[in-house]
1. Output the qualifying pairs, or none if there are none: Cβ atoms under 7 angstrom, residues six or more apart or on different chains, first residue in segment 1-18 and under 18 Å from LEU69 (Cα atoms), second residue outside any loop (DSSP other than H, G, I, E, B) and modelled with pLDDT under 50.
2. Tell me, please, whether a residue that is under 14 Å from the mean Cα position of the chain (by Cα) and under 27 Å from ARG139 (Cα atoms) can be found in segment 108-123.
3. Can you tell me which of (1) at pLDDT below 80; (2) surrounded by fewer than 17 Cβ atoms within 10 Å (Cβ to Cβ) is the one ILE162 doesn't meet?
4. Which residue, of THR163, THR128, THR92, is more than 22 Å from SER20 (Cα to Cα) and either touching a Phe, Trp or Tyr at 6+ places or on another chain (Cβ under 8 Å) or not in a loop (DSSP other than H, G, I, E, B) (or both)?
5. Does segment 172-181 include one or more residues that are closer than 23 Å to LEU46 by Cβ, out of contact with any helix residue (DSSP H, G or I) (no Cβ under 9 Å at 6 or more places or on another chain), of a type outside the set (S, T, N, Q) and at pLDDT 75 or above?
Amino acid sequence: MEVEELFRDTRLNMLLAWASTAVIGLVFVESVLDLDFLWSLFSGLLISLIILPPVYYRDVRAVLPFELLAIAAIPVIVRVFEVSILANEVATYVSFAAMALLIAVELHIFTSVSFSHGFSVAFLLVSTLAVGAVWSVVRFYMDSLLGTSYLTTNDELMQEWITISVAGLLAGLLFDIYFRRRDNMLRSSLRRLIRR
């Protein structure tokens, strides 16, 4: 049994992960009903990323750590309740980082890919920027085709990119801290099991 198997098979992680997924699913439904195209697309992609491992492994226990799903769910929920314009804007950028974080964690846990601590920070920064770039292109085409006004000025776009970069850097540091802590916890659990 590999180290990742120890927490992928825990019942509590599975229940909390599926509860977080259900919340994101409700946000998806709410976005679709409100005809909020951008957030319907984003929350749909988020759900797809979340359910990919259980579908691939055909096992409902093969889910991501619930802590990371909670991080992904919080910004989406904040956006739904429209706490304030600033909160919604911050939620958007944290959502980009959360999506990049989920991709990195899936690669780390469910594949043979292993990130060094320095590379994980760089990978998440670049991944967050990539998600932000796709988001910008989608909004540009929605403005062109549907007559929306998501992107108004170039200055606004550049300021958004700076904020997305900061969110990506913070996500990379979070990933690094999370897996260092998780690896230490799992190593001590293994040591206790071996001593028995």
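The values are calculated or read from the model by the stated rules, or taken from the named source; none is laboratory data. Predicted model only: the values in this text are computed from it and were never measured. When we count neighbours, we look across all protein chains shown, and the Cβ atoms used for this are built from the backbone with ideal geometry, even at glycine.
1. Note: pairs meeting the criteria are ASN13/PHE7.
2. Taking every residue of segment 108-123 in turn, at least one turns out to be under 14 Å from the mean Cα position of the chain (by Cα) and under 27 Å from ARG139 (Cα atoms).
3. (1)
4. Values: THR128 fails: more than 22 Å from SER20 (Cα to Cα); THR92 fails: more than 22 Å from SER20 (Cα to Cα).
One residue alone meets the criteria, THR163.
5. First, pick out the residues of segment 172-181 that are closer than 23 Å to LEU46 by Cβ: 172-179.
Next cut, out of contact with any helix residue (DSSP H, G or I) (no Cβ under 9 Å at 6 or more places or on another chain) only: 177.
Filter again for of a type outside the set (S, T, N, Q), leaving 177.
Then keep just the ones that are at pLDDT 75 or above; that gives 177.
Scanning segment 172-181 turns up at least one residue that is closer than 23 Å to LEU46 by Cβ, out of contact with any helix residue (DSSP H, G or I) (no Cβ under 9 Å at 6 or more places or on another chain), of a type outside the set (S, T, N, Q) and at pLDDT 75 or above.
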